[in-house]
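Here is the structure we will look at.
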Amino acid sequence: MNHVTHNFSAGPARLPPAVLERLSAALAPQEQPSIVEASHRGQRFMAVAEELHERVRRCAGIDEEHAVLLLHGGASLQFVQLPLNLAANRPAAFLITGHWGKKALEAARTIGKAVVAGSSEADGFTRLAEVEQIPHNCAYLHYTGNESIHGVQFDRPPQADVPLVADMSSEFLSRPYPYSDVDVAYAGAQKNLGIAGLTVVLMRRDLLERIPDELSPYLDYRSWADNLSLFNTPAVLAWVAALEMLRWMEDQGGLEAIGERNQKRAARLYAAIDATGFWHNPVAAQCRSVMNIPFWPTDERLTARFLAEAEQNGLIGLKGHRSAGGLRASLYNAQTCDAVNTLIAFMQHFEERYG
Ligand code: PMP
C-alpha cells in the first residue's frame, strides 16, 4: 500500500513502506505468539537483540571501545541520565545552538554544575557556536549535532580537549559520521531509526568507570552495557522497527548512499527557498540542517493559508515548532524524493498565486 499523503513530520516521522509492511507482517495474527507477545528472554527476541546491536555498531562504524546501549525514556531522559552518570562531581559544559541544547543545559543544572561553553543565541540560533570557555576539570562538552527546531547542524564534531557528548537525535545514522571520535552519542529512534520508545546511546567504555557506585542501577549505564541492553523489559516493537530500518538502510546502499540522497534532497529544497524573496530561511549557509528545514513566507500572514492549502494537497506535518512558528519540512532517512519534489512544485504554485 502506498502513502496517499506526503508526511514531513519532525518525529515521529514517516517510515519506508517496506518497513511498515515488515512490521505489519510481524504483528499479523499467527498460530505462534507474535514477537510482541513472546518473552524478551526467548530465543526469537534474543536473535533480534543480537542483530540490532551488531547492525547499530556496524552502521555507526564503532568498535568494541564503544558500548551500544539501547535504552528507554527518549533523548530527554539522557539530559539527566548523562550528568548523573558522568558529571556527578564535576561541571559539564554546553555548546548551545538552539532549543534542544538549552533544554539539555537546564536539565543538567538540576543535577549539578553546568556552564555554557559557547552560544549562538544572541544571533537567534542562525549559526554555530564556538567553544569559548571550558571549566577546569570539565566532565564533558555537550553539543547538539542537529538542532531540529532551528535547523542548525554541525558539519563535524567540534574540537575540545574534554570528552564530547553529542545529542544526535535528529540526525542519527543519516550520513557517514565519525562516531568513533565522539565519546558519547545519543538519539531517540523516532526520526531516522524507526519508532518512538527506543533511545540509542553509544558510549566509550572507559567512561563507564567514572560512574559513581552509589547511583541507582535503574539509572546506571553499566546495567545496560553488557548483556545486550536487556536489564529490564525493552520496548520490543521499537527494537524490531529499528532492526527493520537498519536492514532497509543497508538495502538502500548504506550510509554513504543515504547521506548523499539526504544531502541532495535538502539542497533542492533550500534552492527553492532561496530562489526568490518570497520565502526565507535565516540560517548561515554552512550550517543549514540537512534534516529539518525551517522556512517562512516573507509575508508571514501567509503561513496559515499555506498550511491549510498544503494539507488539502496531501502535504502534511509542515507546521513549524510551536516555539518558532513558520513552516518546517523534515527530511529524514525515510523521506522520499517524490515528496520533496511535490512540496517544491506546490511552493512554486503557491508563490505564483500569492507572490
Ligand atoms: N534532542 C533533539 C535534537 C530533538 O529533536 C528531540 C525531539 N524532537 C529531543 C532531543 C527529545 O527527544 P525525545 O522526545 O525522544 O525525548
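The values are calculated or read from the model by the stated rules, or taken from the named source; none is laboratory data. Since we're looking at a predicted model, the values are computed, not measured. Glycine also receives a Cβ, built like all others from the backbone with ideal geometry; neighbour counts cover every protein chain displayed. When the accessible area is computed, the model is the full protein with side chains, heavy atoms only, and any ligands, DNA or RNA have been set aside. Shrake-Rupley method; radii C 1.70, N 1.55, O 1.52, S 1.80 Å.
Can you confirm whether His142 is within 30 Å of Ala26 (Cβ to Cβ) and either open to solvent by less than 50 Å² (accessible area, probe 1.4 Å) or more than 16 Å from the ligand (Cβ to nearest atom) (or both)? Answer is no for this residue. Tallying residues that are assigned to a loop (DSSP other than H, G, I, E, B) and either of a type in the set (D, E, K, R) or under 20 Å from Lys191 (Cα atoms) (or both) within the range 310-333 yields 10. Just one of the listed residues (Ser330, Ser289, Ser323) is surrounded by fewer than 18 Cβ atoms within 10 Å (Cβ to Cβ) and out of contact with any Cys (no Cβ under 6 Å at 6 or more places or on another chain), and it is Ser323.
Considered as a group, the residues in the range 93-139 that are within 16 Å of the ligand (Cβ to nearest atom) and in a loop (DSSP other than H, G, I, E, B) include one that is farthest from the chain's Cα centre (by Cα), and that residue is Thr110. In the range 145-170, of all residues being open to solvent by less than 40 Å² (accessible area, probe 1.4 Å), of a type outside the set (A, V, I, L, M, F, W, C) and not in a strand (DSSP E or B), the one that is farthest from the ligand (Cβ to nearest atom) corresponds to Pro163. For the range 181-189, the count of residues that are within 16 Å of the ligand (Cβ to nearest atom), more than 14 Å from Leu71 (Cβ to Cβ), crowded, with 19+ Cβ neighbours inside 10 Å and in the same structural domain as Ala49 (by TED's automatic domain parsing) is nonzero.
Glu50 falls short on exactly one of the conditions (1) in contact (Cβ under 8 Å) with a residue 12 or more places away in the chain; (2) exposed (fewer than 13 other Cβ atoms within 10 Å of the Cβ); (3) part of a loop (DSSP other than H, G, I, E, B), and that condition is (3).
For the range 263-282, a residue qualifies if it is part of a strand (DSSP E or B) and open to solvent by less than 20 Å² (accessible area, probe 1.4 Å), and exactly one does: Trp279. Of Ala38, Ala87, Ala75, Ala60, all but one fail to be in contact (Cβ under 8 Å) with a residue 40 or more places away in the chain, open to solvent by less than 70 Å² (accessible area, probe 1.4 Å), away from the ligand (no atom under 16 Å from the Cβ) and within 26 Å of Ala196 (Cβ to Cβ); the exception is Ala60. Phe306 satisfies every condition listed in (1) under 17 Å from Asn146 (Cα atoms); (2) assigned to a helix (DSSP H, G or I) except (1). Only residues that are buried (at least 19 other Cβ atoms within 10 Å of the Cβ) and under 15 Å from Tyr218 (Cα atoms): list them for the range 63-72, please. Answer for the range 63-72, where residues must be buried (at least 19 other Cβ atoms within 10 Å of the Cβ) and under 15 Å from Tyr218 (Cα atoms): Leu69, Leu70, Leu71.
All told, Phe45 meets the bar of being assigned to a helix (DSSP H, G or I) and more than 16 Å from the ligand (Cβ to nearest atom).
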